[in-house]
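To keep things clear, I will list the structure first and then write my remarks on it.
The values are calculated or read from the model by the stated rules, or taken from the named source; none is laboratory data. Please read all numbers here as calculations on a predicted model, not as lab measurements. Don't worry about glycine lacking a Cβ; one is built from the backbone with ideal geometry, like all the others, and counts go over all protein chains shown.
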Amino acid sequence: MEPAFADIHAQLRRIMLDAAPQFAVAKDEPGDLVVHTRAIDARTGKPQWFGAVTVKKNYVAYHLMPLYCDPGLGADMSAGLRKRQQGKSCFNFKRTEPELFAELSALTRMAAGG
């Protein structure tokens, strides 16, 4: 794993874990964090995904699934953070961006209900 991506992953991992301490960590390995809610998906019978932070080949992906279910959560998102958004619930980062990370932290806390 590229050292810069390891640092970005560590920062984004901390954002996700700090924002959602009430949820279950399903996977926490180098370069890969998966967090589930405590709710069970009626269709699959499995815990619902809350988010994930994963190191990819060219970026670090931050998935925030509540945005998929409730796009209104991101209504006030800055243009800078929206530029990092891929699809409805994923943000890609190639470098540390403190202002965007702070905004993502607030958005993640809001998505977690706090």
If you check every pair at least six apart or on different chains, which have Cβ atoms under 6 Å apart with a residue in region 23-39 that is closer than 14 Å to A112 by Cα and of a type in the set (D, E) first and a residue that is at pLDDT 95 or above and in a strand (DSSP E or B) second?
none
Output the number of the condition that M16 fails; it satisfies all remaining conditions of (1) in a strand (DSSP E or B); (2) under 19 Å from Q85 (Cα atoms).
(1)
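Among the candidates F23, F50, which residue alone is under 10 Å from the mean Cα position of the chain (by Cα), buried (at least 19 other Cβ atoms within 10 Å of the Cβ) and farther than 16 Å from K94 by Cα?
Going through F23, F50 in turn, the sole match is F50.
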From the list R82, R43, R109, pick out the single residue that is over 21 Å from E29 (Cα atoms) and modelled with pLDDT under 95.
R43
Kindly indicate the residue of region 26-36 that is surrounded by fewer than 18 Cβ atoms within 10 Å (Cβ to Cβ) and assigned to a strand (DSSP E or B) and also nearest to the chain's Cα centre (by Cα) among those meeting that condition.
D32
